[in-house]
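The values are calculated or read from the model by the stated rules, or taken from the named source; none is laboratory data. Fair warning: this is a prediction, and the values are worked out from it, not measured in the lab. With ideal geometry, Cβ positions are generated from the backbone for all residues, glycine too; neighbour counts draw on all protein chains shown. Please note that ligands, DNA and RNA were not included when accessible areas were found on the heavy atoms of the full protein model with its side chains. Shrake-Rupley method; radii C 1.70, N 1.55, O 1.52, S 1.80 Å.
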Amino acid sequence: MDILEIKKYLPHRYPFLLVDRVVELVEGEHILAYKNISSNEEVFEGHFPHFPVFPGVMIVEALAQACGVLGFKTMNKTPDDGSVYLFAGIDNVRFKRQVVPGDQLYLHAKIVSEKRGIWKFQCTATVDDQLVTSATILCADRKVK
């Protein structure tokens, strides 16, 4: 999926859209996507000006957005259908490596379970095949009021 198709499945927009491309997606199973980390991203103005490190919370958000694409595609829904896919929780998050400008952050998510609109995903983020982050992410499918 290119960025135009990704925007059909995620309501996020610049500067908070954190998925640049989907490389592989098997509905009901898994997704592989990536985000290119660029030195001109606004976050680096303050984190940190003399030692730019992509924030861990942004890595977690990028993983959650990849989960959102997988969930929406699996449910055959889009935000235009009146649905929102909310980040509902995170467990067992670990950070193993810094992410810096020039890196290509790969986002891997596998569906573990779904019960009453609450989805559980096992996620990892990697750079150059090195583990950056691992986490279990929960998302909730809800109607927009």
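Just one of (1) assigned to a loop (DSSP other than H, G, I, E, B); (2) touching a His at 6+ places or on another chain (Cβ under 8 Å) trips up Y14, so point out which.
(2)
In region 113-124, which residues are of a type outside the set (S, T, Y) and either open to solvent by 60 Å² or more (accessible area, probe 1.4 Å) or in a strand (DSSP E or B) (or both)?
In the first step, residues of region 113-124 are kept if they are of a type outside the set (S, T, Y); the result is 114-123.
Of everything in region 113-124, those that are of a type outside the set (S, T, Y) and either open to solvent by 60 Å² or more (accessible area, probe 1.4 Å) or in a strand (DSSP E or B) (or both) turn out to be E114, K115, R116, I118, W119, K120, F121, Q122, C123.
Quick grid of which residues meet (1) β-branched (V, I, T); (2) at positive phi; (3) assigned to a loop (DSSP other than H, G, I, E, B):
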{"site": "D80", "(1), (2), (3)": "no, no, no"}
{"site": "V84", "(1), (2), (3)": "yes, no, no"}
{"site": "F87", "(1), (2), (3)": "no, no, no"}
{"site": "R94", "(1), (2), (3)": "no, no, no"}
{"site": "Q98", "(1), (2), (3)": "no, no, yes"}
{"site": "Y106", "(1), (2), (3)": "no, no, no"}
{"site": "I111", "(1), (2), (3)": "yes, no, no"}
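Output the residues belonging to region 22-39 that are part of a strand (DSSP E or B) and either buried (at least 16 other Cβ atoms within 10 Å of the Cβ) or under 11 Å from the mean Cα position of the chain (by Cα) (or both). Outline the logic, then answer.
Initially, region 22-39 is screened for residues part of a strand (DSSP E or B), giving 22-26, 30-36.
Of everything in region 22-39, those that are part of a strand (DSSP E or B) and either buried (at least 16 other Cβ atoms within 10 Å of the Cβ) or under 11 Å from the mean Cα position of the chain (by Cα) (or both) turn out to be V22, L25, H30, I31, L32, A33, Y34, K35.
Scanning for something within 11 Å of the chain's Cα centre (by Cα) and either within 24 Å of T124 (Cβ to Cβ) or free of Cβ contacts under 8 Å to residues at least 40 places away in the same chain (or both), does region 40-54 turn up at least one residue? Please lay out each step first, then the result.
Taking region 40-54 first, the residues within 11 Å of the chain's Cα centre (by Cα) are none.
So far as region 40-54 goes, no, none of its residues is within 11 Å of the chain's Cα centre (by Cα) and either within 24 Å of T124 (Cβ to Cβ) or free of Cβ contacts under 8 Å to residues at least 40 places away in the same chain (or both).
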